[in-house]
């Protein structure tokens, strides 16, 4: 992944066009969430792209938590130059979209940052349908097929050390907590290098508009998703 292909910088402002965001989602993250289509009414930049840009701009800390509080469209956002333990990503009017909490040592090793970003994005992009559909079936709920809302909520990583060269990422479990028409998905993972666990993390996603699970309806959603993905990849 050549990250610079998917954003532009002007001072400390990061600008991501709809085309760049959509290409990243589909071609890098293997994520065909309709929220990332260029013509989507509720278009938003993929959280995984913001995560990757944040590491590129701020470095990799041993302990980091990313909390998404708003959906970035094609407006510019500010990544402040700061050594603070909390970084708030806002637009020119001060509206906050992302807060980053960090502790511990910091690495600016671009090879390590690129490796970790690539591995995480590859893992994160497999959420639907591979993980989400079985989780929803177990809980007897599903997203609204006519208006599927699956949103990035937060993620955290905790590394034991930063003298790493090629950390791999492995899933360690997933769960879905349902509260009425809302749900929270937790995806747990760990970082492994040379067969040794060197860190852990979790990704949280918000589901909205949940309804009773119906096998045939959900299968149509999956088939439509896979058909759209195949058409894009063979275009």
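Could you please tell me which pairs satisfy a Cβ distance under 9 Å, a separation of 6+ or placement on different chains, a first residue in segment 31-59 that is touching a residue at least 24 places away in the same chain (Cβ under 8 Å) and at positive phi, and a second residue that is surrounded by fewer than 23 Cβ atoms within 10 Å (Cβ to Cβ) and in a loop (DSSP other than H, G, I, E, B)?
The qualifying pairs are 59/108; 59/109.
I'd like to know if segment 212-222 contains one or more residues that are touching a helix residue (DSSP H, G or I) at 6+ places or on another chain (Cβ under 6 Å) and either buried (at least 17 other Cβ atoms within 10 Å of the Cβ) or modelled with pLDDT under 95 (or both).
Checking segment 212-222: at least one residue is touching a helix residue (DSSP H, G or I) at 6+ places or on another chain (Cβ under 6 Å) and either buried (at least 17 other Cβ atoms within 10 Å of the Cβ) or modelled with pLDDT under 95 (or both).
Residue 24 passes all but one of (1) closer than 26 Å to residue 143 by Cβ; (2) in contact (Cβ under 8 Å) with a residue 40 or more places away in the chain; (3) crowded, with 23+ Cβ neighbours inside 10 Å; which number fails?
(2)
Residues checked against (1) over 15 Å from residue 20 (Cβ atoms); (2) in contact with a helix residue (DSSP H, G or I) (Cβ under 9 Å, 6 or more places away or on another chain):
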| residue | (1), (2) |
| --- | --- |
| 41 | yes, no |
| 44 | no, yes |
| 50 | no, no |
| 54 | yes, no |
| 58 | yes, no |
| 62 | yes, no |
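Here are some residues: 24, 66, 32. Which one is in a helix (DSSP H, G or I) and within 26 Å of residue 186 (Cβ to Cβ)?
The conditions single out 24.
Hey, residue 183 hits all of (1) surrounded by fewer than 18 Cβ atoms within 10 Å (Cβ to Cβ); (2) modelled with pLDDT of 95 or more but one; which does it fall short on?
Among (1) surrounded by fewer than 18 Cβ atoms within 10 Å (Cβ to Cβ); (2) modelled with pLDDT of 95 or more, the lone unmet condition for residue 183 is (1).
What are the residues in segment 157-204 that are in a loop (DSSP other than H, G, I, E, B) and farther than 25 Å from residue 106 by Cα, if any?
180, 181
The values are calculated or read from the model by the stated rules, or taken from the named source; none is laboratory data. No experiment lies behind these values; they were computed from the predicted model shown. Every residue, glycine as well, gets a Cβ built from its backbone with ideal geometry; the counts of neighbours run over all protein chains shown.
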